[in-house]
Number of protein chains: 2
Amino acid sequence: MTEHSLWRLSRALHRAINDRQFDALTELLDDDVDWAIYGPIDMFPFLGARLGKDAVLETIRQIADTVHIRRLDRETLMLDDGAAATMVRCAMTTQESDKPITARLAQFMHFRAGKLARLRILIDTFDLVEQTLGRPIDLPRIGSFA
Amino acid sequence: MTEHSLWRLSRALHRAINDRQFDALTELLDDDVDWAIYGPIDMFPFLGARLGKDAVLETIRQIADTVHIRRLDRETLMLDDGAAATMVRCAMTTQESDKPITARLAQFMHFRAGKLARLRILIDTFDLVEQTLGRPIDLPRIGSFA
């Protein structure tokens, strides 16, 4: 039984972000990888859409410049032939000030011949922004109920 | 071939939110359903964790009081025996002012005997907050690169 591509990719991403070792990741990205992490790109320029291996590697370098991963807890996992969906809680520290930040991410991945062909990541971005700012943002209460 | 529980649940949720018809949904919730939609509960009190059918039905009533669903685009889908993961783009209008709001949601569902036993939803909440406020929130730029 062969290992699912998700696990190889997860290890490669982890090594790229934490150890700046990009060789394994380079091997596991499809040349035309279609990549998007939804979120406020004004604050986090490494979020957003990327097309192709070079653009994705550049983004991962920027992420590596910004955070260090401390811990990953996989809360939900679905695997299929050539696809994976997972929800993870990712504890990080910022490179600049060692500030702890925890984000929950939903990841949807499609693989072609064992390489990542499509990635979509959703993040609870409001929580991420507040943690990064280090203060709450004042919000009105919405809804027609008390 | 029986229909996957996801489709019955999706139709029931849609009818509950848009038409306030809760019968089908009531049938499709496990008594002990474990439910969480991550997001700023100060602004949106119907987000957050709920335990049990009654608490979930009450939350769906609050959502129905707040928004109307206009359109659902399913961008990613994975189905498994008794589980589903999907990313949808949901176009809504607010009940109060008919303001259009579009949110991308990642949904992870587990079913027990055809009923929803566990649900986790992640939303690009910063985007949702900005749309609801009707104005951008000023953010600093983060990261060690130009």
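The values are calculated or read from the model by the stated rules, or taken from the named source; none is laboratory data. Please read these numbers as outputs of a predicted model, since none were measured by experiment. All Cβ positions, even for glycine, are placed from backbone atoms using ideal geometry, and neighbour counts span all protein chains on display.
Can B:GLU58 be described as free of Cβ contacts under 8 Å to residues at least 12 places away in the same chain, surrounded by fewer than 19 Cβ atoms within 10 Å (Cβ to Cβ) and under 16 Å from the mean Cα position of the chain (by Cα)? The answer is yes for B:GLU58. Out of everything in the range A:112-134 that is part of a strand (DSSP E or B), surrounded by fewer than 22 Cβ atoms within 10 Å (Cβ to Cβ) and over 10 Å from the mean Cα position of the chain (by Cα), what residue ends up being nearest to the other protein chains (Cβ to nearest Cβ)? Among them, the one singled out is A:ARG118. In summary, A:ALA83 fulfils each of the numbered conditions (1) without any contact (Cβ under 8 Å) to a residue 60 or more places away in the chain; (2) touching a strand residue (DSSP E or B) at 6+ places or on another chain (Cβ under 7 Å); (3) under 30 Å from B:ARG135 (Cβ atoms) with the single exception of condition (3). The number of residues in the range B:76-88 being surrounded by 13 or more Cβ atoms within 10 Å (Cβ to Cβ) and of a type in the set (Asp, Glu) comes to 1.
Scan the range A:66-73 and give yes if some residue there is of a type in the set (Asp, Glu) and either over 26 Å from B:ARG135 (Cα atoms) or more than 9 Å from chain B (Cβ to nearest Cβ) (or both), otherwise no. Spell out how you get there, then give the answer.
Start the filter on the range A:66-73 by keeping residues that are of a type in the set (Asp, Glu), which leaves A:73.
Imposing the further condition that a residue be either over 26 Å from B:ARG135 (Cα atoms) or more than 9 Å from chain B (Cβ to nearest Cβ) (or both) reduces the set to A:73.
Yes.
Listed by first and then second residue, the pairs with beta-carbon distance under 6 Å, at least 6 apart or on different chains, first residue in the range A:90-102 and within 11 Å of B:ILE142 (Cβ to Cβ) and within 12 Å of chain B (Cβ to nearest Cβ), second among the hydrophobic types (A, V, I, L, M, F, W, C) and in a strand (DSSP E or B), are A:THR94/A:VAL67; A:ILE101/A:MET92. Exactly one residue out of A:ASP81, A:ASP65 is within 27 Å of B:GLU75 (Cβ to Cβ) and of a type in the set (D, E, K, R), and it is A:ASP81.
Only one of the listed residues (A:SER5, A:SER10) is among the hydroxyl-bearing types (Ser, Thr, Tyr), touching a Gly at 6+ places or on another chain (Cβ under 8 Å) and more than 14 Å from chain B (Cβ to nearest Cβ). That residue is A:SER5. If the condition is being touching a strand residue (DSSP E or B) at 6+ places or on another chain (Cβ under 7 Å) and among the small types (Gly, Ala, Ser), then the range B:19-38 contributes only B:ALA36. Of all the listed residues (B:ALA36, B:ALA64, B:ALA49, B:ALA85), the sole one being under 15 Å from the mean Cα position of the chain (by Cα), within 18 Å of B:GLN21 (Cβ to Cβ) and modelled with pLDDT of 95 or more is B:ALA64.
State whether the residues of the range B:35-54 include one that is more than 12 Å from chain A (Cβ to nearest Cβ), out of contact with any Cys (no Cβ under 7 Å at 6 or more places or on another chain) and among the β-branched types (Val, Ile, Thr). No, the range B:35-54 has no match at all.
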